[in-house]
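To start, the structure under review is shown below, and the notes come after it.
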Amino acid sequence: MKHNRWFKFLLGTALTFVVAYVVAIHADKIRANVSERDSVQYWAAGKLLIHRQNPYDVKSTIELEWEQGYTQDRPVLVRTPPWSLFLFLPLGLANAFWGWLLWMAMSVASLVVAMRLCRQMYGKEDDTRSVFLMVGYLFAPVLACLEAGQIGLVLLIGIVMFMFYEAKRPYLVGAGLILPFAKPHLLVFFWLAFLIWTVARKKFAIAGGFIAALMVVTILALIFDPSAFQHYREMLRTAAIEGEFIPTVSGALRLIFFRPYFRVQFVPLLLGFVWCVWFCVKNMANWSWRDHGLTVMVVSILTTPYGWLTDEVVLLPAILFASMCIFGGKQKLRATTRTALVVFGLLNWLMLLLIASHIPLQSGIYFWSSLLWAAWYFYGRHRLSANYKAQSTQVAAVS
């Protein structure tokens with residue numbers, strides 16, 4: 001046992017030195033690539049906050065990004081609300097390169113911790129460990145998020161820690177929900193279910209932790225920018241989001257059938273709202289965030305009017321859960337299941353190829369990603385139900 005611990009420690013140390021060496025010898029190339037990552041928007045917002053300036057100001061952001069060699073046609077501007085700005089403050093203490101390194105370290109650490117917690121929740125069997133790791137680390141949004149330097153993995157760790165520690169440390173996990181609340185529009189039904197669950201189950205300690213954290217980070221943002229909310233509203237008004245194509249299912253439907261009508265993009269969300277209320281009422285008596293919470297998250301991503309492939313990394317627990325539903329059973333996989341696995345695997349691989357080919361995330365080619373993850377998740381649940389029925393039949397036959 002001690003031998004294994006020492007081996008893991010030495011291996012981790014060696015890998016750390018190797019990574020540090022590679023970063024050091026390729027520092028110039030990495031610096032050139034940093035300016036092409038979306039993380040530059042978080043660094044710019046942090047830098048502007050440190051200097052008590054408007055983090056949503058287009059002109060100031062462009063000037064900072066051009067100083068760092070960011071030369072794309074349109075500026076990358078942070079669009080998250082003021083209570084999320086605390087995440088970017090540490091980045092503003094350094095230049096764009098070191099800010100990127102810090103952001104990547106946070107993202108990778110979030111991914112590793114999330115994977116370990118998910119394994120304890122969904123994949124404890126040793127014979128499924130390799131499948132669990134392969135599915136998790138090759139999940140297309142994970143690679144997309146790391147490649148773009150986006151915020152998705154930070155949102156993910158807040159959700160996973162909530163699911164894992166909800167019963168043990170209610171106040172702390174409530175405070176941790178401030179992380180996924182950086183993009184509240186992304187998981188609308190998660191927050192609706194959270195509200196219903198808090199009231200129905202009287203989970204006021206968790207709600208208190210969340211409200212306390214929200215107040216603290218909001219006050220912090222206002223200390224650095226007293227007009228943060230006004231600046232945020234101005235940014236939303238001038239960003240002309242309604243003129244953008246958002247690669248989601250609702251965005252694709254609007255583009256094909258109702259291009260001039262921006263509000264049509266919210267129709268799937270409204271239908272999902274009705275479904276979510278029904279789903280919560282139906283299952284509230286035995287509600288489990290590790291089970292029912294995954295379903296509301298999947299439907300939230302499927303119906304969101306505004307989201308990107310990198311945001312879909314928050315569905316990692318649902319993808320892993322579905323994988324364990326399929327591979328965790330004792331029965332041999334049927335031909336139809338194997339065929340489905342091949343199809344899902346190839347489509348995920350296709351998504352990885354698109355990312356590796358640097359196809360812009362704004363491209364409409366990614367609109368079907370949420371459909372793929374939803375299909376995988378519900379197929380996993382279907383296989384779980386089928387396995388239970390098969391086991392019940394066997395038990396009845398033996399009896």
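Here are the numbers:
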| item | result |
| --- | --- |
| Some residue of segment 259-278 being open to solvent by less than 20 Å² (accessible area, probe 1.4 Å), over 14 Å from the mean Cα position of the chain (by Cα) and among the aliphatic types (A, V, I, L, M) | no |
| Where a residue in segment 184-198 is buried (at least 22 other Cβ atoms within 10 Å of the Cβ) and its partner, wherever it lies, is among the hydrophobic types (A, V, I, L, M, F, W, C), with Cβ under 6 Å and at least six apart | L187/M297; F189/C276; F189/V296; F189/V299; F190/V296; F190/M297; A193/C280; A193/V296 |
| Tabulated pairs, segment 295-324, first farther than 15 Å from L186 by Cβ, second open to solvent by 10 Å² or more (accessible area, probe 1.4 Å) and not β-branched (V, I, T), C-beta under 6 angstrom, 6+ apart or interchain | L320/Y122; F321/Y122; A322/W376; M324/Y122 |
| Residue that is farthest from the chain's Cα centre (by Cα) [pool: residues in segment 107-121 that are closer than 14 Å to L155 by Cα and crowded, with 18+ Cβ neighbours inside 10 Å] | M115 |
| A386 at pLDDT below 85, part of a helix (DSSP H, G or I), exposed (fewer than 15 other Cβ atoms within 10 Å of the Cβ) and among the aliphatic types (A, V, I, L, M) | no |
| Checklist (1) of a type in the set (A, V, I, L, M, F, W, C); (2) under 17 Å from H382 (Cβ atoms); (3) in a helix (DSSP H, G or I) applied to V314, failing item | (2) |
| Residue within segment 244-256 that is in contact (Cβ under 8 Å) with a residue 24 or more places away in the chain and of a type in the set (D, E, K, R) present | yes |
| Hey, F327 open to solvent by 30 Å² or more (accessible area, probe 1.4 Å) and in contact with an Asp or Glu (Cβ under 9 Å, 6 or more places away or on another chain) or not | yes |
| Residue match in segment 367-378 (condition: modelled with pLDDT under 85, of a type outside the set (A, V, I, L, M) and part of a helix (DSSP H, G or I)) | no |
| Selection status of F181, open to solvent by 30 Å² or more (accessible area, probe 1.4 Å), over 29 Å from L316 (Cβ atoms), in contact (Cβ under 8 Å) with a residue 60 or more places away in the chain and hydrophobic (A, V, I, L, M, F, W, C) | no |
| Selection within segment 276-293 - within 15 Å of Y165 (Cα to Cα) and either among the basic types (K, R) or in contact with a strand residue (DSSP E or B) (Cβ under 7 Å, 6 or more places away or on another chain) (or both) | R290 |
| Of residues in segment 279-310 being touching a Cys at 6+ places or on another chain (Cβ under 9 Å) and under 17 Å from P180 (Cα atoms), the one surrounded by the fewest Cβ atoms within 10 Å (Cβ to Cβ) | V296 |
| Unmet requirement for E234, which otherwise passes all of (1) farther than 20 Å from K47 by Cα; (2) open to solvent by 20 Å² or more (accessible area, probe 1.4 Å) | (1) |
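Listed here are the residues, each with its yes/no results for (1) open to solvent by 50 Å² or more (accessible area, probe 1.4 Å); (2) of a type in the set (A, V, I, L, M, F, W, C); (3) farther than 16 Å from P180 by Cα; (4) at pLDDT 90 or above.
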| position | (1), (2), (3), (4) |
| --- | --- |
| L87 | no, yes, no, yes |
| P90 | yes, no, yes, yes |
| G123 | no, no, yes, no |
| D126 | yes, no, yes, no |
| L133 | yes, yes, yes, no |
| L143 | yes, yes, yes, yes |
| I151 | no, yes, no, yes |
| G158 | no, no, no, yes |
| Y165 | yes, no, no, yes |
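The values are calculated or read from the model by the stated rules, or taken from the named source; none is laboratory data. Because the structure is a prediction, the values reported are computed rather than measured. Neighbour counts run over all protein chains shown; Cβ positions are idealised from the backbone, glycine included. For the accessible areas, the whole protein counts, side chains as well, though only heavy atoms, and no ligand, DNA or RNA atoms are used. Shrake-Rupley method; radii C 1.70, N 1.55, O 1.52, S 1.80 Å.
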